[in-house]
Number of protein chains: 4
Amino acid sequence: MSSCLLPENFATTGPYPRLNRRLRLGVVGGGRIASTQSAAARMTECWDIVAGALSSDPAKAQKRGSNWYIEPNRCYASFEEMAREEAKRTDGIDAVMVTTPNHLHFPAAKAFLDEGVAVLCDKPLTNEVEEAQTLVKQVNTRGAVFAVGYAMSCIPMVRQARELVAAGEIGEVNQIHTEFMQDWMMAEGVLDADHVKWRLDPKQSGPTSCTGDIGTHAAHLGSFVSGLPLTHVRADMHVLGAPKALEDTVFISTRHANEIPGTLLATRYASGNRGGLRFRIFGSQGGLEWDLENADYLKLSKFGQPDQIITRGHGHGVSPTVERLVRAGRGFPEGIMEAWANLYLEFAMAIAAARDGITVDQNWGRHPEVTDGLEGVKFINAAVKSHQQDGSWQKV
Amino acid sequence: MSSCLLPENFATTGPYPRLNRRLRLGVVGGGRIASTQSAAARMTECWDIVAGALSSDPAKAQKRGSNWYIEPNRCYASFEEMAREEAKRTDGIDAVMVTTPNHLHFPAAKAFLDEGVAVLCDKPLTNEVEEAQTLVKQVNTRGAVFAVGYAMSCIPMVRQARELVAAGEIGEVNQIHTEFMQDWMMAEGVLDADHVKWRLDPKQSGPTSCTGDIGTHAAHLGSFVSGLPLTHVRADMHVLGAPKALEDTVFISTRHANEIPGTLLATRYASGNRGGLRFRIFGSQGGLEWDLENADYLKLSKFGQPDQIITRGHGHGVSPTVERLVRAGRGFPEGIMEAWANLYLEFAMAIAAARDGITVDQNWGRHPEVTDGLEGVKFINAAVKSHQQDGSWQKV
Amino acid sequence: MSSCLLPENFATTGPYPRLNRRLRLGVVGGGRIASTQSAAARMTECWDIVAGALSSDPAKAQKRGSNWYIEPNRCYASFEEMAREEAKRTDGIDAVMVTTPNHLHFPAAKAFLDEGVAVLCDKPLTNEVEEAQTLVKQVNTRGAVFAVGYAMSCIPMVRQARELVAAGEIGEVNQIHTEFMQDWMMAEGVLDADHVKWRLDPKQSGPTSCTGDIGTHAAHLGSFVSGLPLTHVRADMHVLGAPKALEDTVFISTRHANEIPGTLLATRYASGNRGGLRFRIFGSQGGLEWDLENADYLKLSKFGQPDQIITRGHGHGVSPTVERLVRAGRGFPEGIMEAWANLYLEFAMAIAAARDGITVDQNWGRHPEVTDGLEGVKFINAAVKSHQQDGSWQKV
Amino acid sequence: MSSCLLPENFATTGPYPRLNRRLRLGVVGGGRIASTQSAAARMTECWDIVAGALSSDPAKAQKRGSNWYIEPNRCYASFEEMAREEAKRTDGIDAVMVTTPNHLHFPAAKAFLDEGVAVLCDKPLTNEVEEAQTLVKQVNTRGAVFAVGYAMSCIPMVRQARELVAAGEIGEVNQIHTEFMQDWMMAEGVLDADHVKWRLDPKQSGPTSCTGDIGTHAAHLGSFVSGLPLTHVRADMHVLGAPKALEDTVFISTRHANEIPGTLLATRYASGNRGGLRFRIFGSQGGLEWDLENADYLKLSKFGQPDQIITRGHGHGVSPTVERLVRAGRGFPEGIMEAWANLYLEFAMAIAAARDGITVDQNWGRHPEVTDGLEGVKFINAAVKSHQQDGSWQKV
C-alpha cells in the first residue's frame, strides 16, 4: 500500500513523495478549531488522529478524546506527558497540531520539536519575537517539518492570485490593501465565554487580541500573495465595544518591500462582516481582489480589458498547481475545511519528502512555514510599538 | 468510547443516537465521486473506509484500494463477492456506498440490502421505475437504512429554505422554478473520456443522460424545499452539442401538488455555468432564491420589506437544526464536501438510531431516502414519455 | 445653431444627421411613463415638450400640461384634436409619444401618422395583429419615422451583447432564455389603482395582461440580442394572485429561427424581483447573461477562459457604437432614464436623417422599429392561441 | 402654469415651494461635467439652459453654446462678462453652474454671488480655506442660495443610509470607512489630455489632485451619512503612476466627532475600480455598506439578523423622503444623471423657497451646501499639512 501525494495527472516529472501508511496525528488543545483541523486532516486520507492532550482535567481529556475515538491510554492530561510518552512508542505520533491559547504555542511546539515530532502550530506562532526566533532556529538546525496555521493561504484562489502576481499579470505591484472584518464580538454575553476570555487576557493572548488573532492573517496574505514582505507599520488601535484589556480593532498603514504602501484593517465590530478576510492588490497593469466570504472567486483586472472572474475548475485559466488543491467537481463550492485539508496535505507531503530526501517544488507544496510564523509575530510586535509611540512608523 | 451524533448543545430532549465505534464503510465504484464521498465520510469522524469493489480488473481494484489504505484482502473485483464476503466477517462493513454507472445501482444496492448492509446509492436510484419500487419494498420490509446521493439537499441553506417554507414565511407557494446549468460537456474531447462515455450510452445511463444525471437534482430540490411533490411534467429534450445517443439538455414545464406550476431546466451546454443548481420558489407573501455557485447564501424576500440574505452563523435567524450542520466557524465558507459529510452524518445517525430503536425528529435528521430516489426515477420516466409524445403532460 | 447627433469623436465617416433646432414633442397619455419619457427626451438636448393630450377631462389635461410648462392652448382633451390642430401650426410638433392604455395605441398612432408626424408608441404596439400590420404598411408607404417603446434594447450593455453575438464571440447560438420577473402586483390594494385596472381589462389591455406588458419585452430582447427571430411558442398561462380577467403569469417554451430552443418566463408575483428582465444566451463557444437589476454589467463567458464582466467605460472592450450611448463618466452608474434618452436620441437621429436623406448605419442608430412592434403583437397572439389549445406549438 | 416641487402625494403638510416657470440656468466651463449637469438639469423639468461662458476663445464658446441651443448673444467669452451682462437682462439667469478648473471656482462663484445669482459650484469649492470662508460669509450675509457639486449625496440609497443612521438603526456609530478607488489614470497617454493636465497642475488644481478631486467626495459622504463631521486626519500621500507634480493616491487615518475613528482611501491607480466610491459605517447594533458601482443597493446589517439589501421602490422600507427622489418605476435602475437631477431639483426648490419665504424640512430638501464645501476645503488643507509633517494628526 502506498499513495502518491501528487496526483499522477499533475505530476509530470519525478520523483514525488509517497506514503505507505497514514500518518499519525496528535492533538494539543481541545476546542472547535481542533475539531475543524482533525476533520480536515482525516479528509485528506493521509492522517489518523491517534493521541491527544485535550484538557488539563484528565476526565475532560478522556471524554473529548472519545469523540475522536482516541484510545484512553493516549488521552493525556498535559502536552509534556504526551510528547514524552508518544516518543517512546513504536507507533507514536508523526506530527502534532497545537491549538491551545497563544501563550502555550511556544512551550508545546518546542516540546514536540525536541522529540523529533513534526508540528503544525496555530497563529500567532508565539507571543514573543524571541520565542519565534528560537523555534525557527530549532527547525533549521534539526531540518524539522513545521507548519503554521495560516490555512487561508491554502485556498485555491489565494494560490492562484499569488501565481498571477508572480507571473507579472498585474505588472509591478504598487499598493496592497488587506483586512479582516468580523462582527462576532458584538454578540451579547460573548465576552464571558471561555473560548473568548483568554483572547482578552494579555497573559494568554499576548500583547494584542484582534491584531494577533486576525490581523496577522491579513498581514500574511498581503505578503504571501504579493511576494513582498511587510517592512513597516503605523498602527491605530481601538477598543470599540465594551471596555477590555486588549484592542478589538486596529487600523494600520503599511509599507511592504520596495516601499510599496498599503493599509490593513482588522476589527471584530463590523456588523454584517462574518469572515471578511480580503485583499486588494494593485499593480501597474492590473489588480486582484478576493474575499473569504466568496472564497471560490478571484477578480482579476487587466487594465483596458473587461474584468475577469476566475474560479476553480479545470481548463479555465487556473494553474495546475492550484487545480491540484481542488477536491470537488467543476462548479461545486469548497470552503475552509478544504483549505485546512490542503494545509494538512502539504504538511504530509513535506514529512514524506523529508523522509525520502526529496525536494518539492514551491508551487506544488508551499504550506505556511515557521518563518511565516515569525513574520507574523514581528508584525504584531511592531504594531504594538507603533501604537504605544503615537502611531510612529515601526520596522517589522 | 462513544460519541453523541446530535451535539449536546443542540440536543434539548432525548434520547439521542450514539455510536461507540466508527462505522465501517465499503465502496462500490472507484471514480472521482467515490473519492469525494469517502473524504466526506472520513470528515464526519463517524466512518472508516475498510473495503471496496473499485474495479472489475483485480489489479486496478487493488491499486485503487491502496489509495484508501484498504487491506488487500478486502479489495474485491466484484460487488457480489464483496457483499458475500463482508457478510461473513465479524468486522464486516456496516454500510456501502454505490457510485457505479447507473445500470449497476439496482443490482449492487440489492445485493447489499440482501445481506443486511445499509446502502447509500448515487442518483438516479435505478434506470427502471420497477427496480426502484423493488428497492423501496425491500427497505420497508426489512426496516433497512437506505440513503440516496442527493447531497445538495444537505447544504445548510437548502435546509434553511425548506424550514422557512414549512414555517409559512413565504405564504402559500405559487410557483417553483429550478434548474441545473452546467457547461463541462463543451470541453474538447470530453465525450471520449471514460467517465463520460457511459453517461451517453443508454445501456448504462438509462433512458436519459442530462435529465437523470442533473435534472433529477433540480427536481428533488424543488419538491424537497417546497414540500410539494412533483406531479406532472411536459418535456422538451435537445441535443445541443455534438450528436449523441441521449439528450444533453432538457426544458420542462411542471406541476407540483396543488397544481402549483413551475419550470425546470437542465443542460450541460450553458457556458459560464459551472455548478448552476438553482431554485426560486415564490409564494403569496415572499420568495426564496438559492444558487449552488454561492451556496452559503440564501435570499429571502418578504414582500414589502427589504430582501434578506441569510447565511450560516449562529444567532442570525438560522434554525438550530440547520446550524447543527455547520462545521466551520462563523463566516467561513463551506462547500460540497461538507454537504456530503452532512449526508454521511445523518446516514450514520439513522443506522445508530435503528440499532438503538430511536426515532430521530425529521428536522434533526432528514437524509434523502429511498422514496426520494423513487420519485426521481418516476420523474425521469415521465419526462421521457412526454418527450416521446410531443410534449404532452405526463403524470410523474 | 446646429448639433451633430453623432459625436464627432465617434463619427469617422460622413455625412451625419444634424439638427439646427430642438425637435418639438407632443405627449399623448399622462401617466408616470409619460413623465419618464419626457424627462428622458429633455435630457438628450434634442427635444422640447410643447403639446399634450394628457387627459380626456379638459381641466385635468390643463393641470397636467402645466407641470410640463405646456402652453394652455396646446393642452388638448383628445389626441384627434391634437393631431389636427398641431398639423395646422407652423411650429407644430415634429413627433408624438403615445403612452395611453393599449387599446388606444393603434388609433392614436394612426392619427398622427396620417398627419405626417413621427410616432414613438409604447408596447404592445396594438392589440390586434391586423392593426400592427396596418401601421407597418403605413410607415413603409410614407417613409415615416416610427419607434416602439422597447427602451431596454437601448441600454448600452444590451447593445454590447448584441454586437458580441453578431461578431461570433459565443459561436453558434444554441439556446435562448429570457424572463421578466416582477412582484409589484403583490401589493395590497394595487389591483384597484387606476393605472392597474386597465391592465386587467381585456377591452383596454387586449387579450393578455402580463404577456403583452412585460413578456413582450423579454421576447424582444431575446430576438434583438441573438439576431434570431422568435418563430414558435408553447404557452402556459396562470393567475397566481387574486382572481382576475387576464393572466398575471406566463411560462413559455420557445423556438427561434434555425429551430433554436429556449424558454421565456413573465410574472408579477415573484417576490424580491423588482425589475427582473434578464436574458441568458448560450452558444457553441460561450454565453452571455444580463439582468436589468444590474444593468451596467454584462457577463461574457468564453468557454475555457475565466468569465468576463463587461461594463460601460471607454477602452475596456466596449464597442464605440455602444460607448456613444454612455452619458456618465467612467464607472458612474446609468439607469432606465438614460435608456429612454438613448431611444429618444436615436429617434431624433432618424428624423434628422430622413429629412436630410441620410442613411445611418444600423450599429450607430437602431431604435426599436415598427416591425419590432409587429413581432411583439404576433408573439402575444401566438401565446394566446397556444394557451387556448392546451399548450400546442403555435407559429409566431 | 405652476409646478409644485414637492409631489403632492409626499407632501403631507404645507406650504410648499412652487415654480410658475422654468428657471434659467447659465453654464461656466464647457467640459463633460457641464454636459452631464445640463442634461440632468433639463431632466428635472425645472431648468432651461440659456447662457454660457464655455470657453475663453470666443469662437469655441459660440460653437459649444450651439450644442445647447444657447442664443449666440448669450454665449460669453468670460464669466465676468456673463455675470455683468446677464444681471442687466430682465430674463437673466436665475442660477449658474460653475464647472471650471478648481482655481476659478472662487472668482466665478463670487462674481455671480455679487450679482445676486444663485450658484451651484463644483468641488473642491476653492483652493484656499480663506476663499471658502469668504463664500460662506457672503452666502450667509445675503441669504443667497448656494450648492456644491457633491452629487453622490443625492443618490437615493445614500439618503436612505443617512436617515437610517439618524434613526439609530445601527446604534452608536463606532467606525467610518470611506474610499474612492478609480483607475482611469492608468490609461496610456491620458496624462497629456487637456481635461487631465490641469488636474495635475498645482496652479489650477490647488495643493492636491486626487485628494481634492475624489478624496473630498469620500470625506463628504462619511460625514454626511454618519452625521459626524470629520475632525482630524493623518495622511499618507503617494505618486503611484508616472511622476507628477501632485499626488495620485492618498491613504488617510481619520477621526470624526466624538473621536470616532476611521479610514479614507483615494486613488486613481486601482485597476478594476471604475467608480469605487464606497462607505462602510459600523455602529453598536449594526452596519451600513454602499458602493457607487452598485448604487441602487444598500446593505443594512442589524446584528443578530440576516443582512438586508435595501433598494429603491415604494413600500419596501424606503423612507418617503428618499422615495421622492426616485424617477424610474419599481426595479428600474437609476444612475449618476438622476443624482445630479436630484441636486438640481433641490437647488430649484431652495431658490423657490427663498423667493416664497418658505423653509423646507431638511429631509425633504438637503442639497450639499456652501458649508459642506468649506468642510471639504479644510479636509484637503489638513491632509496636506499632515503629509508635509510626516503623517502627524491635523485638525480639519
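Since every read-out is calculated from the coordinates, none of them should be taken as a lab result. What you see is a predicted model; the values in this text were computed from it and never measured. Because the Cβ atoms are built from the backbone with ideal geometry, glycine has one as well, and the counts that use them run over all protein chains shown.
Using just its DSSP H runs of length 4 or more, each adding -39500 (n - 2.57), the protein assembly as shown gives a mean residue ellipticity at 222 nm of -10000 deg cm²/dmol after division by all residues. Computed over chain C with a Gaussian network model linking Cα atoms closer than 10 Å, the most mobile of C:204, C:182, C:305 is C:305. Simple rule: put +1 on each Lys or Arg Cβ and -1 on each Asp or Glu Cβ in chain C, find the dipole, and look at C:379, C:62, C:168; the Cα lying farthest toward the positive end is C:62.
Which of B:167, B:132, B:147 moves most in a GNM of chain B, Cα contacts under 10 Å? Highest fluctuation of the listed residues: B:167.
When all alpha carbon pairs of the protein assembly as shown are counted in 10 Å bins from zero, the resulting P(r) reads 1, 7, 15, 19, 19, 17, 11, 6, 3, 1, 0 %. Taking the centroid of alpha carbons for each part, segment B:306-347 and segment C:325-373 are 49 Å apart.
What does the charge count around residue C:386 come to, taking other residues whose C-beta lies under 13 Å from its C-beta (Lys +1, Arg +1, Asp -1, Glu -1)?
On the way: positive: B:234, C:234, C:255, C:378, C:385, C:395; negative: C:236, C:247, C:390.
Once positives and negatives cancel, what remains is +3.
Around the amide H of residue C:121, modelled in the peptide plane, lie the amide H atoms of C:98, C:147, C:148, C:149, all under 5 Å away and 5 or more residues distant in sequence or on another chain. Length gained on full extension, residue B:187 to residue B:57, computed as 0.36 nm times the residue gap minus the Cα-Cα distance: 43.9 nm. Label-to-label distance, residue B:32 versus residue A:73, with points set 7 angstrom from Cα along the beta-carbon direction: 4.5 nm.
Just rank D:239, B:233, B:158, fewest to most, by other beta-carbon atoms within 10 angstrom. Before the final figure, lay out each step's value.
Values: D:239 16, B:233 30, B:158 25.
The most exposed by this proxy come first: D:239, B:158, B:233.
Each of C:253, C:363, C:393 was placed along the dipole of chain C (beta-carbon charges, centred on the mean Cα), and the one lying farthest toward the positive end is C:363.
Given a cut-off of 25 Å, name the pairs among B:302/D:299; C:123/C:302; B:63/B:137 whose C-alpha atoms lie farther apart than that in the structure shown. List each step's numbers first, then the result.
Working: B:302/D:299 16 Å; C:123/C:302 34 Å; B:63/B:137 37 Å.
Violating the 25 Å limit, Cα to Cα: C:123/C:302; B:63/B:137.
Across the copies of the chain, residue C:129 has label points (7 Å from Cα along Cα→Cβ) spaced 3.8, 7.6, 8.4 nm apart, shortest distance listed first.
For residue D:166 and residue B:20, what is the calculated FRET efficiency with R₀ set at 45 Å and r taken between the beta-carbons, to the nearest 0.05? The formula returns an efficiency of 0.15 here.
Under a Cβ-Cβ cut-off of 12 Å, what is the net charge of the residues other than residue A:35 that fall near it, where Lys and Arg count +1 and Asp and Glu count -1? Neighbour charge sum, excluding residue A:35 itself: +3. A crude spin-label estimate for the pair residue D:129 and residue C:114, with each label 7 Å from Cα along the Cβ direction, gives 7.3 nm. For chain D, the relative contact order comes to 20 percent (Cα pairs under 8 Å, sequence separation of at least 6). Computed from point charges on the beta carbon alone (+1 for Lys and Arg, -1 for Asp and Glu), the dipole magnitude for segment D:3-151 about its Cα centre is near 300 Debye. Residues in segment B:99-136, backbone N under 20 Å from the label point at residue B:197 (7 Å along the Cα-to-beta-carbon vector): list them, ranges by number please. From segment B:99-136, the list is B:99-105. Magnitude of the charge dipole for chain A, about its Cα centre and with charges confined to Cβ atoms of Lys, Arg (+1) and Asp, Glu (-1), is about 400 debye.
Net charge near residue A:62, counting Lys/Arg +1 and Asp/Glu -1 over other residues with Cβ under 13 Å of its Cβ?
On the way: positive: A:60, A:63, A:64, A:74; negative: A:57, A:71.
For residues surrounding residue A:62, the net value is +2.
Note on segment C:87-164: dipole from Cβ charges, positive end direction compared against C:126, C:140, C:106; the farthest Cα belongs to C:140.
Report Rg/Rh for chain D, rounded to two decimals, where Rg is the Cα radius of gyration and Rh the Kirkwood radius. Walk me through the intermediate numbers first.
Details: Rg = 20.6 Å, Rh = 21.6 Å.
Value, to two decimals: 0.96.
A point 7 Å from Cα along Cα→Cβ stands in for residue B:58, and the other copies hold the same point at 5.2, 10.6, 10.6 nm, listed in rising order.
Sort segment A:3-151 into rounded, prolate or oblate with this rule: let a ≥ b ≥ c be the square roots of the eigenvalues of the Cα gyration tensor; rounded if a/c is under 1.5, and if a/c is not under 1.5, prolate when a/b is larger than b/c, oblate otherwise. Note, shape of segment A:3-151 comes out oblate. Can you compute the label reach from residue A:141? Point 7 Å from Cα along the Cβ direction, backbone N cut-off under 14 Å, restricted to segment A:75-112. Correct set: A:110-112.
Could you list D:194, B:296, D:91 in order of exposure, starting from the residue whose Cβ has the fewest other Cβ atoms within 10 Å? Don't skip to the answer; put the middle values down first.
Working: D:194 7, B:296 27, D:91 10.
So the residues, fewest neighbours to most, are D:194, D:91, B:296.
Averaging sequence separations of C-alpha pairs under 8 Å and six or more residues apart, then dividing by the length of segment A:320-396, give the relative contact order as a whole percent. After rounding, I find 20 percent. A point 7 Å from Cα along Cα→Cβ stands in for residue D:358, and the other copies hold the same point at 4.4, 7.1, 8.2 nm, listed in rising order.
Let me know the charge dipole size of the protein assembly as shown about its Cα centre in debye, to the nearest 20, where only the beta-carbon of Lys, Arg (+1) and Asp, Glu (-1) is charged. Could you put the intermediate results ahead of the total?
Working: 160 positive and 184 negative charges, 0 e Å.
The calculated dipole for the protein assembly as shown is roughly 0 debye.
Mean-square fluctuations from a GNM of chain B, with a 10 angstrom spring cutoff on Cα atoms, peak among B:293, B:179, B:369 at B:293. Normalised by the number of residues in segment B:3-151, the average gap of Cα pairs under 8 Å and 6 or more apart makes the relative contact order 19 percent.
Sort out for me the Cα centre separation of segment C:174-234 from segment A:279-297, rounded to whole Å. For segment C:174-234 versus segment A:279-297, the Cα centre distance is 40 Å.
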